[in-house]
Structure formats: C-alpha cells, structure tokens
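Take a look at the structure below.
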Amino acid sequence: MSSITIIAIAKEAREEHLPLLIEADPNEALVKEYLHHGDLFIIKREQRIIGVSLFTFPKPRTVELKNIAIKSTIRNQGYGKAVIQQATDLYKQRGYQEMIVGTANSSIDNIAFYQKLGFRLVDIEPDFFINYPMPLYENGIPTRDRLIFVKRI
C-alpha cells in the first residue's frame, strides 16, 4: 500500500465531496446537515483523491469520526486504517482524549474493522436508521440500530 496524506478542506469547497460521503451514509439530508461542521479531509495517494473523512466534536476532548469513504475500487487495502491512525495522532496532539464512531448494527465489516483498531462498543441507539428515506439492509440484516464505539487516544 502506498502512503496516504489527509488534507483539510475549507468549508466553501466541501460540496464537491458530497457524492463520496453519501456512499458511506446514504441519507443525503443528514450528510448535508453535518457537511459543514467539524473537519473535512480529502485522502490522497500519489496526488490523487481516493477518499474523504469528516470529524466532528460532540463534546470537549472528544472527536467523532462522522464519515469516512474510500473509493469503492480500492477499499480493503488499509487506507481507512491509515486515515484513522493519522487522525488519531493529529487530534491527540490537539489535546483530544477519545475518538468515537457510530456504525450500523448490520455493518459487520465495519464492526470488526473498528474493534481491530482498538475501539470498544459502549452504546446502542435503537432505531437510529428507521427514518432513513428507504429501508436499508446489509449482509441480509435490516439496518436499524446505531452502535457507538469509543477509543482512548
């Protein structure tokens, strides 16, 4: 795997990255609500954009990975892990103490991914996804609940 770089994007340049963010969260209205909050980074490899990630700050000393999307043609090659590691280092230097992330109960690969990176399940938000525009299913499982994971940084 080639090394990656994360580069902060100004609020006025964020709209162009909306399609990739929607790949990770199909609720376009919700993505548009948080698009201009927090820090949006493009993920570059060899001068090409391969993804985006967005981090928000729900409470003091806590950073939330709100959205991460790697282009579908190059997923599962370690880029998401590298992004989270770089972001962890950055936010730790800025004085943050924990990183949280939420994912769907049906996102089996995401659940395993976050646990391999040291995140621990701490909460469940029942029925978080039932108001999405259309019913969602992953791995043959109805997407209903949001699982919240946390990692000390």
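The values are calculated or read from the model by the stated rules, or taken from the named source; none is laboratory data. Small disclaimer: the values here were computed from a predicted structure and weren't measured. Here the Cβ is made from the backbone with ideal geometry for all residues, glycine too, and neighbour counts use every protein chain on show. The accessibility values were calculated without ligands, DNA or RNA, using every heavy atom of the protein model including side chains. Shrake-Rupley method; radii C 1.70, N 1.55, O 1.52, S 1.80 Å.
Taking trypsin sites (Lys or Arg not before Pro) across segment 54-149, the ones in a DSSP loop with at most 12 further Cβ atoms lying within 10 angstrom of their Cβ are R61, R94.
Across the chain, C-alpha contacts under 8 Å between residues 6 or more apart give a mean separation that, scaled by the residue count, equals a relative contact order of 20 percent. Taking K and R as +1 and D and E as -1, what net charge do the other residues with C-beta under 15 Å from the C-beta of T62 add up to? Combined, the nearby Lys, Arg, Asp and Glu give +4.
Amide H contacts of I153: E98, M99, each under 5 Å away and 5 or more positions distant or on a separate chain (H built 1.01 Å from N in the peptide plane; Pro and chain starts excluded).
The stretch between Y137 and K44 holds 30.5 nm of extra length on full extension. This uses 0.36 nm per residue minus the Cα-Cα distance. 3J(HN,Hα) along segment 114-130: 5, 5, 5, 8, x, 7, 10, 5, 10, 6, 10, 9, x, 6, 4, 9, 6 Hz, from the Karplus curve 6.51 cos²θ - 1.76 cosθ + 1.60 with θ = phi - 60°, whole Hz, x for Gly and Pro. Once all protein chains are placed together, H37 keeps about 100 Å² accessible to a 1.4 angstrom probe.
For the chain, the antiparallel share of DSSP beta bridges with both residues in that region comes to about 90%. For A104, the residues whose amide H sits under 5 Å from its own are L147, ignoring neighbours fewer than 5 places away on the same chain, with H placed 1.01 Å from N.
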